[in-house]
1. Output the residues belonging to segment 242-266 that are in contact with an Asp or Glu (Cβ under 6 Å, 6 or more places away or on another chain) and either without any contact (Cβ under 8 Å) to a residue 24 or more places away in the chain or part of a loop (DSSP other than H, G, I, E, B) (or both).
2. For residues that are modelled with pLDDT of 95 or more and touching a Phe, Trp or Tyr at 6+ places or on another chain (Cβ under 8 Å), tally how many sit in segment 669-695.
3. Can you name the helices (runs of 4 or more DSSP H) wholly within segment 398-514 that have at least 2 residues being more than 18 Å from Glu107 (Cα to Cα) and not assigned by TED's automatic domain parsing to the domain that holds Lys358?
4. Given (1) of a type in the set (S, T, N, Q); (2) surrounded by fewer than 21 Cβ atoms within 10 Å (Cβ to Cβ); (3) under 24 Å from Leu604 (Cβ atoms), where does Ser237 come up short, assuming only one miss?
5. Name every residue in segment 631-651 that is part of a loop (DSSP other than H, G, I, E, B) and either out of contact with any helix residue (DSSP H, G or I) (no Cβ under 9 Å at 6 or more places or on another chain) or under 14 Å from Phe320 (Cα atoms) (or both), in order of residue number.
6. With the requirement that a residue be of a type in the set (Ser, Thr, Tyr) and within 23 Å of Val485 (Cβ to Cβ), what does segment 533-576 give you?
7. Output the residue which, of all residues in segment 242-267 that are hydroxyl-bearing (Ser, Thr, Tyr) and modelled with pLDDT of 90 or more, is surrounded by the fewest Cβ atoms within 10 Å (Cβ to Cβ).
Amino acid sequence: MSKPTKTSPAYSAPAGGWGALKSSAKHLIQSENAAKNVKALLRANQPGGFDCPGCAWGDSADAGKIDFCENGVKAIAWEATSKRVNGEFFKHHSLTELKKWDDHSLEKSGRLTQPMFFDGKSDHYQAISWDDAYKVIAEKLQQLPSPNEALLYTSGRASNEAAYLYQLFGRVLGTNNFPDCSNMCHEASGIAMTSSLGTGKGTVTMADFDQADAIFVFGQNPGTNHPRMLGTLRKASKRGATIVSINNLHERGLEKFSDPQSPKDMILFTGTNISQYYFTPKLGGDMAILRGVAKSLFERFKQDKSVLDSDFIAEHCSGFTAYQSSVEASSWEKIFSQCGLTRQDIEQITDIYASNKKVIFTWAMGITQHKHSVATIQELVNVLLLRGNIGKAGAGACPVRGHSNVQGNRTVGINEKPSKAFLDALDQHYGFKTPRRNGLNTVDSLHAMLSGKAKVFIALGGNFAAATPDTTRTYQALQQCDLTVQISTKLNRSHVITGKQALILPCLGRTEIDRQKSGEQCITVEDSMSMVHSSTGQNEPASIHLRSETAIVAGIAKVSVGEEIVNWTSLLNDYQLIREDISKVLPDFYDYNQRIKVGRGFHLENKAALRQWQTSASKATFSSALLPDKLAHEVAKEFTDKAILTLQTLRSHDQYNTSIYGMDDRYRGITGERRVIFVNVDDMLQQKLSNGDKVKITTVSNDNIVRSITDFKVVEYNIPQGCAAAYYPETNPLVPLESTADGCGTPTYKSIAISIEKIID
């Protein structure tokens, strides 16, 4: 399919526009702090202001005084609500009751405002002092036979300063157990790009989008997940760049976008066509598309030597011959079967790619959450390398990260497999011996909890219980811990699925003023383009009892491991000292405190973008992986006669990660509900289903574990035959803990074999 078609159910208006303004106004009003939040929004993503707590899309150099999106408004209003969750709240609501609430209702309750302790003896959280909370944690950690029985989880919203102290605390404690949200999203990107290019980060900057001849968007829905990206794509489209979307669902944001900050768009009720071309492959078929493009390029090269950048390949690449052999061994029949596109589609994509000199590939979790996601991203890089589209202006690889500082967390050391160089630098600066055994990722951590090999779980942000796969077993894992600790702003599922004892430690939000002994503090974050910039809260804290994430981590560390190695007190009193330490451990952060004061911050140098390859071969490396032998639905057919669909889990438009702001999904035509499953009309006919039918959904696997969820409404949708989609976390119970991507351990949220059964009333 080469041209955009209407979304079904149809949303006829452009993404953004008046719909976004109306939604933004609604959420501001519902926060009951509308005036304060509007004032704060004017400081969002501005120099001297605060970084939006939503996505990690970069700031444009020519961004105006208004630089936020609809979902940024939701995130800020959600954080700055007037509603409060305190000791009185927990006196009135038991854990038994709260477990029955849905995720939206839990978070809607409001801001957490004081530390709370569940002692395991009653059915209620009770207020606790900060000092006593720290003592509880310290006692549990000190009682562990091994520090490797502790798990230190991190979400992608933690600042560089908090994340750095967190990893330092863990390593002083003696463990590299740092499971984090990256394990569940872009782990495949980091591993694949490191092996191919010597860097786990994207090679482009925002300026490259202004110079690209063509931009390919793979497995991504920026209209919901990174709305400010649509402004970048709009700008590129209007100057004549070709934009190609390759996504199994037709997403309105990738079809047409009306910029709420454009008077012309708003007055004329018009918008900009984003994708000139739109292709909808089967789930798991992206690698086959890319392999088809490579195969077509090699065939064309026989007649036209300009099709490939032979000079670049010869000077900068290794593994080319083996890769060419792998491509030749991939049959067209298998390519078409796996991706669901035609030869004409593949040739059209190749035409676009080969006719443009400067090309960017962007991607997100539609690519990273499959069994063969590492190989797929290596293939993305392979195709870029064939025409020298790495290390030149207007071209490169762009994995678009989710949470606002998920990339920064990794940069400053949140990694269960840290590099030797990083650990050596810590050793040298602080004068102690860091643990060298690799730690546990998210899935391995769940297995460790289930087997009794991990007893204390501490979460720096996030909603672990709702974000992780195989929900029933995740709950079992958390409940087997001796202590679970949640550092949070809002009530969520992870506060009611507890260990034998549990603590809630309420922290400042991104929008709030952080005051320490040296004065008001700023924090720093890193976006998807490796720009590091400061963030300074603007609002008064929701409670006098709140502490910053940085202060909480330092407080836990001080009591748990003492101050013989690290002076935690001085670091929490003045975050400049933390940044000075970071600059000594990570040389790319030189003059850290000075550089964040200039404009929109500074760029961390990317060696691959300079065509300096930090690989074992000292060159960019072609991967020679073959196409997957079988996709998820083909494997499932080996042990069942049932009709099989491949399910992907996804977000609604009123959702960011596990935070559910409302019950609507405007662009997909869903109002007031979330228990829906999107299905192709031909699949519905084959299974004698109609729009609105209620169904039971069951995972098809051979591990003898029954995973079923029920009472989901069928919605006819423009999705490839054999594929289905539904929202998480509602469908996370269907994702087996053992179903992970090869080579990186990411749960395969985008390729779960399921069967559906109509419920007869």
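1. Across segment 242-266, the qualifying residue is only Asp259.
2. The number of residues fulfilling the criteria is 9.
3. Of the helices (runs of 4 or more DSSP H) lying wholly inside segment 398-514, those with at least 2 residues that are more than 18 Å from Glu107 (Cα to Cα) and not assigned by TED's automatic domain parsing to the domain that holds Lys358 span 406-411, 420-430, 442-450, 471-479.
4. Exception for Ser237: condition (3).
5. Lys637, Glu638, Phe639, Thr640, Asp641
6. The answer is Ser543, Ser548, Thr550, Ser560, Thr569, Tyr575.
7. The qualifying residue surrounded by the fewest Cβ atoms within 10 Å (Cβ to Cβ) is Thr242.
Quick grid of which residues meet (1) buried (at least 17 other Cβ atoms within 10 Å of the Cβ); (2) of a type in the set (Asp, Glu); (3) in contact (Cβ under 8 Å) with a residue 60 or more places away in the chain:
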{"position": "Ala554", "(1), (2), (3)": "yes, no, yes"}
{"position": "Ile578", "(1), (2), (3)": "yes, no, yes"}
{"position": "Ile582", "(1), (2), (3)": "yes, no, yes"}
{"position": "Asp588", "(1), (2), (3)": "no, yes, no"}
{"position": "Ser616", "(1), (2), (3)": "no, no, no"}
{"position": "Lys619", "(1), (2), (3)": "yes, no, yes"}
{"position": "Glu634", "(1), (2), (3)": "no, yes, no"}
{"position": "Leu645", "(1), (2), (3)": "yes, no, yes"}
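The values are calculated or read from the model by the stated rules, or taken from the named source; none is laboratory data. All of these numbers come straight from a predicted model, not from anything done at the bench. Here the Cβ is made from the backbone with ideal geometry for all residues, glycine too, and neighbour counts use every protein chain on show.
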